[in-house]
1. Go from 0 up to the bin containing the longest alpha carbon distance in the range 9-159, width 10 Å each, and give me the % of pairs per bin.
2. What is the percent carbon and sulfur in the accessible area of the chain, measuring with a 1.4 Å probe over the protein chains and ignoring ligands?
3. How large is ³J(HN,Hα) for each residue in the range 19-24, as worked out from phi by the Karplus curve 6.51 cos²θ - 1.76 cosθ + 1.60 (θ = phi - 60°), to whole Hz, x for Gly and Pro?
4. Which distance in Å, rounded to a whole number, links the C-alpha centroids of the range 84-159 and the range 1-63?
5. Per residue of the chain, what 222 nm ellipticity follows from adding -39500 (n - 2.57) for every DSSP H run with n ≥ 4, rounded to the nearest 500?
6. Between Glu79 and Ile142, with labels modelled 7 Å along Cα→Cβ, what's the label distance in nm to one decimal, could you check?
7. Angle between the Cα long axis of helix 126-156 and the longest principal axis of the chain, 0 to 90 degrees, nearest 10?
8. Can you run the Rg to Rh ratio on the range 37-78? Use alpha carbon positions and the Kirkwood inverse-distance Rh.
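The values are calculated or read from the model by the stated rules, or taken from the named source; none is laboratory data. Quick caveat, the model's predicted, so the values are computed rather than measured. Glycine also receives a Cβ, built like all others from the backbone with ideal geometry; neighbour counts cover every protein chain displayed. Ligands, DNA and RNA are excluded from the accessible area calculation, which covers all protein heavy atoms including side chains. Shrake-Rupley method; radii C 1.70, N 1.55, O 1.52, S 1.80 Å.
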Amino acid sequence: MSTAFYHAALVLHIIGITLMAGASFVDYITFNMFYKAYATDKNKGLVLGDYLYKLQRFLGIGMLLILVSGILMMIKLHEVWGAQLWFRIKMGLLLIIILNGLGLRRMLGTRLRKMLGDNATVNIPATKWQDIRKRFTIVQLIQLLLFILIFTLSVFKFN
Ligand code: HEM
């Protein structure tokens, strides 16, 4: 594999990271907007809730690009990176990012969608409402923290 091909894979890696980390940040902001809007204007809240549900797709597409490009780079340099500490820790964090950002986030998205239904007349009990807010916030903040950790490991490449 040529160096140009390796660099092209790295560009794809960065596109995937931009998409996934960007969508995670927007997800966090949107949930907070949705939470505030729903309390005062349920119809506006439902629109934001729907948008929140659709954002999940971009998390998945970003992850796919990251994985494909990462594997392409590893085909060329697996002997170099595979043995290094930063890379091994990164792979562990990657698993947590997949479980947290795709698994748990998707489950919460589905739960919220069921709670909201498709009309603005549903009244959600306060305890349920606070519980889902807490869960969303924890999952989203953990996701952003994991990205910062992976960025730091990948750029400094501690060994
Ligand atoms: C959420 C997942 C991931 C994130 C956020 C991420 C992020 C990054 C970042 C920020 C860099 C530094 C780019 C640079 O120095 O120019 C990088 C490099 C790299 N990543 Fe990832 N990565 C992820 C997943 C993966 C996976 C799954 C693999 C392999 C299977 C992988 C393989 C690599 C390799 C080999 C490099 C070194 C490229 C180089 O400096 O030549 N990454 N990654």
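1. Histogramming the range 9-159 at 10 Å steps yields 10, 38, 27, 15, 8, 2 percent.
2. 71 percent
3. 5, 6, 5, x, 5, 5
4. Measuring centre to centre over Cα atoms gives 12 Å.
5. Per the formula, -30000 deg cm²/dmol.
6. 3.9 nm
7. The angle comes out near 20 degrees.
8. Rg/Rh for the range 37-78 comes to 1.42.
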